[in-house]
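Note sheet for the following structure.
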Amino acid sequence: MPSQQSLSASFITTPEHLAQALDIPVEPLRAVHAVYPLRVSRYYLDLIKQHGLPLWRQAVPDPQELTDSAGLADPLDEENLSPTPCLVHKYPDRALLLVAGECAMYCRFCTRKRKVGKQEMIIDDAAIAAGLAYLSRTPAISDVLISGGDPFMLPLARLERILRALRAIPSIATLRIGTRVPCTLPTLVTPRLAAMLKKYHPLYINTHFNHPAEITAEAELACARLADAGIPLGCQTVLLRGINDNAEVIRELLYRLIRIRVKPYYLFQADLTKGTAHFRTTVNCGLAIMRHLIGHVTGLAVPTYALDAPGGGGKIPLTPAYIQQLGESLEFTTYQGHQCSYPNRIYP
Ligand SMILES: *Cc1c(COP(=O)(O)O)cnc(C)c1O
Ligand code: SF4
């Protein structure tokens, strides 16, 4: 990874620079920036200029962020599910370790908008050490999701120290990294980074693309470097109003993802995060999209549509209702809408 100094040249971080780059008024940007951080990579800024609104809205501060009265600061109750400051433990066998406070872009719809990119999220060695100690004394956790912020924003040596420390805990079998860098600043995925990651298998990466225009030659190269290091790649897309909330856009995104060797993993219903209400769709919208996908599109490309339950109840799959009745006979409709049945019994 480049030095932190050369990295900073890759971003726009002030309302003034962003207003100038996009030729828009600076005042609304300043008002939002007083509450939430701003960062857009120069790479993503070029994509915004080429493709317009669906990418613009993900990155450019919007005054609507300040007028959301419905949302909650911490809709998934992560703070209460954190036995140590940077670790969220809500499932029996896996935990989320937050290792970085920064991202290559501050997505306006971020579910951790309360703290990502802010002072509250400076994660120091002591916080990481406390997370590692918890994982060591909790052997039921065999799968650790390394997220943040974005782990790929850390200096390479620091990320490697964390991976090595996790690998030294015998009860941890699989590691996962969640990163949006392959989408927002793909040039950070260097051969050196891929070579380092390769030493810590079994390692999985979930990345985050939301729109087909984000699948560029640079993103493809970043994903190829990771896939060539033997890392299975998934994608966690968020359903966003006016950005990707229709079947055609999602279908194109999914097809492009499997072509760059990324297996769509989750399509998320947006969380109830304060400051993001203008991005939320109804669940009906997501279910209608899933109906257009299931059976019609190669199963390889079809993600699980999921809702992260408010209050920390965990993710639940949202699936269109194909089953009408489950008795002595299963009555269901096919993806084409035909009635069908199947005998639901045990044969002697
Ligand atoms: C999403 C999440 C996980 C992982 O869930 P999977 O369904 O296994 O991908 C683990 N811990 C927390 C706190 C999460 O939010
Ligand atoms: S990259 Fe992820 S963690 Fe960072 S701002 Fe975007 S959605 Fe939030």
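Each value in this text was obtained by applying a stated rule to the coordinates, not by laboratory testing. These figures come from a predicted structure and were not determined experimentally. Note: ideal-geometry Cβ built from the backbone for every residue, glycine included; neighbour counts use all protein chains shown.
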query = If we sort 277-285, 332-340, 206-214 on the protection proxy, mean other Cβ atoms within 10 Å, highest first, what's the order?
reply = 206-214, 277-285, 332-340
ask   = When L38, L257 are ordered from fewest to most other Cβ atoms inside 10 Å of their Cβ, what list results?
value = L38, L257
query = What is the list of residues in the range 197-225 whose amide nitrogen lies under 20 Å from a point 7 angstrom out from the Cα of E252, following Cα to Cβ?
reply = 208-221
Antiparallel bridge percentage (DSSP; both residues within the range 1-157; nearest 5) = 50 percent
Under 22 Å from the Cα of K315 - lysines, other chains or at least 8 residues apart = K90, K113, K115, K263, K274
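Using 0.36 nm times the number of residues separating H292 and A126, minus their current alpha carbon distance, what extension gain do you get?
Between H292 and A126, full extension yields 55.0 nm more.
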query = Based on the alpha-carbon gyration tensor of the range 1-54 and its eigenvalue square roots a ≥ b ≥ c, which shape applies: rounded if a/c is under 1.5, prolate if not and a/b is larger than b/c, or oblate?
reply = oblate
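Which order do peptides 195-203, 87-95, 268-276 fall in by mean Cβ count within 10 Å, highest first? Display every interim value, and only then the final one.
On the way: 195-203: 15.9, 87-95: 17.7, 268-276: 21.6.
Those peptides, ordered most packed to least, come out 268-276, 87-95, 195-203.
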query = With labels modelled as points extended 7 Å from the Cα through the Cβ direction, what inter-label distance (nm, one decimal) is found for L326 paired with K263?
reply = 2.5 nm
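Counting pairs of alpha carbon atoms under 8 Å apart in space and at least six apart in sequence, what relative contact order in percent does the chain give?
The normalised contact order for the chain reaches 16 percent.
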query = Which value in deg cm²/dmol, rounded to the nearest 500, describes the helix-derived mean residue ellipticity at 222 nm for the chain, given -39,500 (n - 2.57) per DSSP H run of n ≥ 4 and division by the residue count?
reply = -9000 deg cm²/dmol
Fluctuation leader among D23, D77, D143 - the chain, Gaussian network, Cα springs under 10 angstrom = D23
request  = Quick one: go through the range 97-129 and flag any residue whose amide nitrogen is under 19 Å from the point 7 Å out along the Cα-to-Cβ line of V35.
outcome  = 106-121
key: Calculated FRET value between N80 and H338, using beta carbons and R₀ = 56 Å, to 0.05   = 0.75
request  = Based on other C-beta atoms within 10 Å, arrange D74, D68, D124 from fewest to most.
outcome  = D124, D68, D74
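Taking 56 Å as R0, compute the FRET efficiency from the Cβ-Cβ separation of H17 and A133 and round it to 0.05.
Numbers: r = 41 Å, r/R0 = 0.74.
Given R0 = 56 Å and the Cβ-Cβ separation, E is 0.85.
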remark   = Residues whose built amide H sits under 5 Å from the amide H of V238, excluding neighbours closer than 5 in sequence, are F268
